[in-house]
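J.: What follows is a single structure, and I will ask about it in a moment.
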Amino acid sequence: MVRIGVNVPNFGPGTDPGRLRDWARTVEGLGYDLLMVSDHIAVTPDVAAQYPAPFYEPFTALSWLAGITGTIRLGTTVLIAPYRHPLLVARMAANLNQLSGGRLILGVGVGWARQEFDALGIDFTRRGRLTDETLMDVRAAWKNDADYRSGDIPIWVGGRSEAGMRRAVRLGDAWHPLRERLEWMREALDRLKAIAAAEGKPVPAFAPRILLRLTDGPLPDQERVAGEGTIDQVLSDLNELALLGAEAVVLDPFVGDPAETERPETAWQALATIAAHRGLEKQ
């Protein structure tokens, strides 16, 4: 059965510790399987235009949320791999996994915010290579050094490019595309399988993150991404993703206006609607 998760906004004018706590209790209470958050460190103008401050650092926020949740898995969608030293990533991930009772999923990506890279003193043009090096070093630390022993932390690798899919094949446990159209994902999975065959490696699991935006009337399929439309369209998308082999699907109820973070009830209602139709509610 496909696990269903939620990307919780850990940013924006309406976000504070109390709001994050309410999000966590709502998502877990509705029976969702995963609670995931995003990553930015320096809220530079290019970041702030989409994800304004406050922006809670993901390892810190998830450590706190681990203490006020019970069984829901916790993760990053996605941690920007070049922003932190690999040994810091390995240590923080291992510690969080241990403190949460083995509930962590480490989603990673290369990043996109050039101004943020500049603020952190990191070469934006090397972000792909730095991500590869980070993943290799993190896995080596987990394997070879008892101080970094992690248990079993799945690594989900984001990225829609050929390089991103190759990274998922070589270094990830799952491929984690973000907010794409169903037809695009269907074709991309064929490319992923071809890359895996060429690399002589198994095909990674499929764990997409999709938008969640419910509308009163149906949207044309050619104009919408997965997870957008009427409840029937969204449920059809989830069924189609299951048929494509998804092991998990993360719903992202943030449509794009930072003011949404001050009115989470709209997103909670959408999540409750999905949960009710899929029988996710806890009895």
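The values are calculated or read from the model by the stated rules, or taken from the named source; none is laboratory data. Bear in mind that the values here come from a model prediction, so they are computed numbers and not experimental data. Because the Cβ atoms are built from the backbone with ideal geometry, glycine has one as well, and the counts that use them run over all protein chains shown. Side chains are part of the model used for accessible areas, which takes the heavy atoms of the whole protein and leaves out ligands, DNA and RNA. Shrake-Rupley method; radii C 1.70, N 1.55, O 1.52, S 1.80 Å.
J.: Between W184 and R3, take the C-beta separation as r, use R0 = 30 Å, and let me know the FRET efficiency to the nearest 0.05.
T.: According to the calculation, E is roughly 0.85.
J.: Oh, and also: Given H placed 1.01 Å from N in the peptide plane, which residues other than close sequence neighbours of V78 have an amide H under 5 Å from its amide H?
T.: D39
J.: Per the 1.4 Å probe, what fraction of the accessible area of the stretch 154-238, in percent, lies on carbon and sulfur atoms?
T.: Accessible surface attributable to carbon and sulfur in the stretch 154-238 totals 49 percent.
J.: Accessible area per residue of the stretch 225-283 at 1.4 Å probe, in Å²?
T.: Here the per-residue accessible area is 44 Å².
J.: Another question, if that's okay. What distance in nm separates the simple spin-label points at A49 and E262, each placed 7 Å from Cα in the Cβ direction?
T.: Once both label points are built, they end up 2.2 nm from each other.
J.: Using only Cα atoms, locate the centre of the stretch 53-89 and the centre of the stretch 252-273, then give the distance between them in Å, rounded to an integer.
T.: 21
J.: Give the accessible surface of the stretch 115-195 per residue, rounded to a whole number of Å², with probe radius 1.4 Å and ligands, DNA and RNA excluded.
T.: The answer is 49 Å² per residue.
J.: Still on this structure, please answer the following. Can you give the FRET efficiency to the nearest 0.05 for A198 and N95, using r as the Cβ-Cβ distance and R₀ = 51 Å?
T.: On the way: r = 37 Å, r/R0 = 0.72.
Here the calculated transfer efficiency is 0.90.
J.: Return the sequence-ordered ³J(HN,Hα) values of the stretch 58-63 in whole Hz as given by the Karplus equation 6.51 cos²θ - 1.76 cosθ + 1.60 applied to θ = phi - 60°, using x for Gly and Pro.
T.: Coupling constants for the stretch 58-63: x, 4, 5, 5, 5, 4 Hz.
J.: Ok, one more. Taking only protein heavy atoms into account and a 1.4 Å probe, give the accessible area per residue of the stretch 1-96 in Å².
T.: Values: 3260 Å² over 96 residues.
Accessible area per residue, the stretch 1-96: 34 Å².
J.: What are the ³J(HN,Hα) couplings of the stretch 78-86, residue after residue, when phi is run through the Karplus curve with 6.51, -1.76, 1.60 and θ = phi - 60°? Round to Hz, x for glycine and proline.
T.: 10, 6, 7, 4, x, 6, 10, 4, x
J.: Between L35 and residues 5 or more places away or on another chain, which pairs have amide H atoms under 5 Å apart, with H built 1.01 Å from N, and which residues are they?
T.: Here V6, R73, L74, G75 satisfy the definition.
J.: Quote the relative contact order of the chain in percent (integer), defining contacts as alpha-carbon pairs under 8 Å separated by 6+ residues.
T.: 21
J.: Another question, if that's okay. Points 7 angstrom from Cα along the Cβ direction at Q115 and N239: gap in nanometres?
T.: Calculated label separation equals 4.5 nm.
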